Amino acid sequence: MTLFLQTTLNGLMLGGIYALAAVGFSLIFGVIGIVNLTHGVFVIAGAYLALLFYTELGLDPLLSMLPVGALLFAVGWVYQRTIIDWAISRASVEASLVVTFGMAMILRNLLQLWFGPDVQTITPFYSFFSISLGPFRVDMVRLVALGSSMVLLLGLTLLLARTHFGRAMRAVAQQPLAAALSGLNVKRIHAMTFGVSAALAGASGAIIGIVQPFSAASEVAWTLNAFMVVVLGGVGSPAGALVGGLLLGLINSYTAQYFGPALTQAAMFLVLVLMLLLRPTGLLGNPYGESR
Amino acid sequence: MQRRTILKGGAALAALGAMPRMAVAQENMITFGGSVPMTGKAAETGMNVLRGYECAAKFINEEMGGVEIGGTTYQVALNLFDDASDPARASSLIQRQVDEGVGFFLGSFGSAIVLPTCAITETAGRIMVQAGGGSDQIFTQGRKRVFGIFPRATRQFISSVNMFKELDPAVKTVSIIYTNDPFSKFQADGAVASLAEAGIEVLDSIALPAEVSDVSNVLTTIRANTPDVLVCTTHDNTSILIARQMISSQTNVPMLYQTLGPQTEAYQKALGKYANTVVAQTYWDEAANTSGDYFGSAADFAAYYRANFDRELTYHMASGAVCILSYLEAAKAAGTLDLDPVRDALAALDFKSFYGQVRFTEDGDGDPSLLGPMLIQRQEGTMKIISPKTNASAEPIYPAPLWDERT
């Protein structure tokens, strides 16, 4: 029983990171309808920026989430207003899939050019701490990651539910035409959504940087993880990302413990396929999809 | 200009481009083709191997003024492309160079890339000398024109078991974590076989997928079944992840032995003082008592490299450089750059170098008695050779102190 509970705890810790890294991807998918294959680059760019803040200014990654998020908000905003908007307006929403794929490759190589090919890690003083809870043991950095995920996801939930921008974002997601006729600047909301998404990705990158080694090539895995989280949990809501992330973490953890770590990816993709067949909108569905 | 004239000119140029350039040397230049991971997940080590190739070419051209083969002095040129750590892309690049007539190939890094690319060069009758692929599959499928500086993966653990047998207290149990890829799996299989032969019990043999983000559950198993030595035949990223999680979860073992990873600067940065006492493999060390023509001694190679390149020196640079030296020694012995005589000379090669005595087995991999790994251990921030005893610069620290007692 102890082993099962420890495995569950490990899965929840991992799931928290998956959820945070995926929520931005989910938001863009839900609000604009774009599968943003550049998402993993934003995550890894966040990790590199957090590394820079840590090595150059001595800023703890948890604190650097704010400036990293702000920088990536600006990047995401500009990215949407230029490349994404051009692709959508001149071709189609589907064209953005190819564009974001191409941009991911370009940006991955640029990251490597700037930061080199070597594996990087961020090692604050608490990197090697752990907490014992009776017979259970939890890595401090993973606990911190889970806590940060919860705080950021709660913040996003409040942003969407309680602010004018949140209501505007939901309105644009549900009925873009009606929102525009009501006087909302849809393009601006799209850009803001992309900015928020990139900021969340960057903040998650700062956390991921202290949890595990990363390099520019790691971005592919984070885009793929985000995609799986969205398929499992549902599109467009922080709750969906949280459910999907935790579920993915648990699948990973139980498979590793009871069937062997080599089968974790196979199990994750098996569940992905089953989910697409049985409940393609994910466990919590798409809160905006019904009204479109 | 008339349209017909332009078409004729274009057709002539196209025909010229398509014509196979079978000559391996042009205008007294020996051109080595190949691909290297300059980007992607294998880029860190790929760049190390590339710097080794570049270092050898620079030394031969600038310090030696070229090399004399069959009465002609040749310079060395590299025609290496970025395969982005992608076997499919590497295969396309190598096929293109085969079509262009390149005869001498240097290897990429990683068995998953070397395997398909060496199959292409072998089929085309070209030669590959590489220091990036140790999978048994490279050497046990009947290829005659593929040579590896390293012994095949299943033979890379013999020296490790020899050290285990000499440790006090004696090593009785070992657990193995490996990545499920063509190199790591074979290396783990070799370890299991060598350990069994030595009468050492293998408690667990755990496979990891290529992309890992968490090893908490694996470490739960290790804590429940603590071995005397935990062997990880994993690549750099995964080795760092395992070590970090071992420290934070206080998973203590008397010896942590990771074949790849601890040699890198990234590992040292990621672990700091905790990197001390971790054991790793190295195929070359600048303190080793080896020397030969070209660079001189191992220390001379290190000095020349550091004077000309910024990237931190690891054994991959040395093993990359010795690939080119092997080609040149073979060509000198053959007295020609024709492919078949050079291939035969490579198979019969037996020469002293800064890297050690270079000799290949009948299957083309490095002779394990000469080119097998030495074992190194970081002690007070510096890598020390701890085995074999003939080259050792320090005694092994075993059992290692607990993680929270390390300084």
(request) Select, from B:Val279, B:Val215, the only residue that is out of contact with any Lys or Arg (no Cβ under 6 Å at 6 or more places or on another chain), among the β-branched types (Val, Ile, Thr) and either away from chain A (no Cβ under 12 Å) or under 22 Å from B:Ile113 (Cα atoms) (or both). (result) B:Val279
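Enumerate the helices (runs of 4 or more DSSP H) found wholly within the stretch A:176-292, keeping only those where 1 or more residues are surrounded by 24 or more Cβ atoms within 10 Å (Cβ to Cβ) and modelled with pLDDT of 90 or more.
Details: elements: A:176-181, A:186-211, A:219-233, A:238-258, A:264-278.
Because the criterion is at least 1 residues that are surrounded by 24 or more Cβ atoms within 10 Å (Cβ to Cβ) and modelled with pLDDT of 90 or more, the helices (runs of 4 or more DSSP H) in the stretch A:176-292 that meet it are A:186-211, A:219-233, A:238-258.
Tell me, which residue of the stretch A:118-144 that is without any contact (Cβ under 8 Å) to a residue 40 or more places away in the chain and either part of a helix (DSSP H, G or I) or at the interface with another protein chain (Cβ under 9 Å from one of its Cβ atoms) (or both) is nearest to A:Trp222 (Cα to Cα)? So that I can check it myself, show each step before the final result.
Of the residues in the stretch A:118-144, the ones without any contact (Cβ under 8 Å) to a residue 40 or more places away in the chain are A:125-126, A:128-134, A:140.
Then keep just the ones that are either part of a helix (DSSP H, G or I) or at the interface with another protein chain (Cβ under 9 Å from one of its Cβ atoms) (or both); that gives A:125-126, A:128-130, A:132, A:140.
Values: A:Phe125: 26, A:Tyr126: 24, A:Phe128: 24, A:Phe129: 25, A:Ser130: 25, A:Ser132: 29, A:Met140: 22 Å.
Going through the qualifying residues, I end up with A:Met140.
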(message) For a quick check of your reading of the model, give me the residue pairs whose first member lies in the stretch B:84-100 and is closer than 20 Å to B:Thr45 by Cα, whose second is among the small types (Gly, Ala, Ser) and crowded, with 18+ Cβ neighbours inside 10 Å, with beta-carbon atoms closer than 6 Å and at least 6 apart or on different chains.
(response) B:Ala84/B:Gly40; B:Ser85/B:Gly40; B:Ser85/B:Ala42; B:Pro87/B:Ala112; B:Ala90/B:Ser35; B:Ala90/B:Ser108; B:Leu93/B:Ser35
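When you go through A:Phe101, A:Phe115 one by one, which is the residue that is within 23 Å of A:Ala217 (Cα to Cα), surrounded by 13 or more Cβ atoms within 10 Å (Cβ to Cβ) and within 14 Å of another protein chain (Cβ to nearest Cβ)?
Numbers: A:Phe101 fails: within 14 Å of another protein chain (Cβ to nearest Cβ).
The unique qualifying residue is A:Phe115.
Here's the yes/no breakdown for (1) of a type outside the set (Ser, Thr, Tyr); (2) surrounded by fewer than 23 Cβ atoms within 10 Å (Cβ to Cβ); (3) closer than 19 Å to A:Gln120 by Cα; (4) in contact with a Gly (Cβ under 9 Å, 6 or more places away or on another chain):
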residue	(1), (2), (3), (4)
A:Gly11	yes, no, no, yes
A:Gly16	yes, no, no, yes
A:His39	yes, no, no, yes
A:Val43	yes, no, yes, yes
A:Ala47	yes, no, yes, yes
A:Ala50	yes, no, yes, yes
A:Tyr54	no, yes, yes, yes
A:Asp60	yes, yes, yes, no
(request) Tally the residues that are buried (at least 24 other Cβ atoms within 10 Å of the Cβ) and away from chain A (no Cβ under 14 Å), restricting the search to the stretch B:33-54. (result) 4
(message) Please determine whether any residue of the stretch B:285-297 is within 14 Å of chain A (Cβ to nearest Cβ), of a type outside the set (A, V, I, L, M, F, W, C), closer than 19 Å to B:Gln377 by Cα and part of a loop (DSSP other than H, G, I, E, B).
(response) no
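For every residue, the table says whether it meets (1) in contact (Cβ under 8 Å) with a residue 60 or more places away in the chain; (2) within 25 Å of A:Pro67 (Cβ to Cβ); (3) hydrophobic (A, V, I, L, M, F, W, C).
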position: A:Val151; (1), (2), (3): no, yes, yes
position: A:Met169; (1), (2), (3): yes, yes, yes
position: A:Ala179; (1), (2), (3): no, no, yes
position: A:Ser182; (1), (2), (3): no, no, no
position: A:Arg188; (1), (2), (3): no, yes, no
position: A:Val196; (1), (2), (3): yes, yes, yes
position: A:Ser204; (1), (2), (3): yes, yes, no
position: A:Ser215; (1), (2), (3): yes, yes, no
position: A:Asn225; (1), (2), (3): yes, yes, no
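In the list B:Thr264, B:Thr238, B:Thr251, which residue meets the criterion of being touching a residue at least 24 places away in the same chain (Cβ under 8 Å), within 14 Å of another protein chain (Cβ to nearest Cβ), touching a Leu at 6+ places or on another chain (Cβ under 6 Å) and buried (at least 22 other Cβ atoms within 10 Å of the Cβ)? Spell out how you get there, then give the answer.
Numbers: B:Thr264 fails: touching a Leu at 6+ places or on another chain (Cβ under 6 Å); B:Thr238 fails: touching a Leu at 6+ places or on another chain (Cβ under 6 Å).
Result of the check over B:Thr264, B:Thr238, B:Thr251: B:Thr251.
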(message) Of everything in the stretch B:384-396, what is surrounded by fewer than 19 Cβ atoms within 10 Å (Cβ to Cβ) and assigned to a loop (DSSP other than H, G, I, E, B)? Give them in sequence order.
(response) B:Pro388, B:Lys389, B:Thr390, B:Asn391, B:Ala392, B:Ser393, B:Ala394, B:Glu395
(message) Condition first: touching a Lys or Arg at 6+ places or on another chain (Cβ under 8 Å), of a type in the set (Val, Ile, Thr) and in a loop (DSSP other than H, G, I, E, B). Now tell me which residues in the stretch B:148-203 satisfy that.
(response) B:Val171, B:Ile200
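The values are calculated or read from the model by the stated rules, or taken from the named source; none is laboratory data. All figures in this text were calculated on a predicted structure; none of them were measured in a lab. Please note: Cβ atoms are built from the backbone with ideal geometry, for glycine as well, and neighbour counts cover all protein chains shown.
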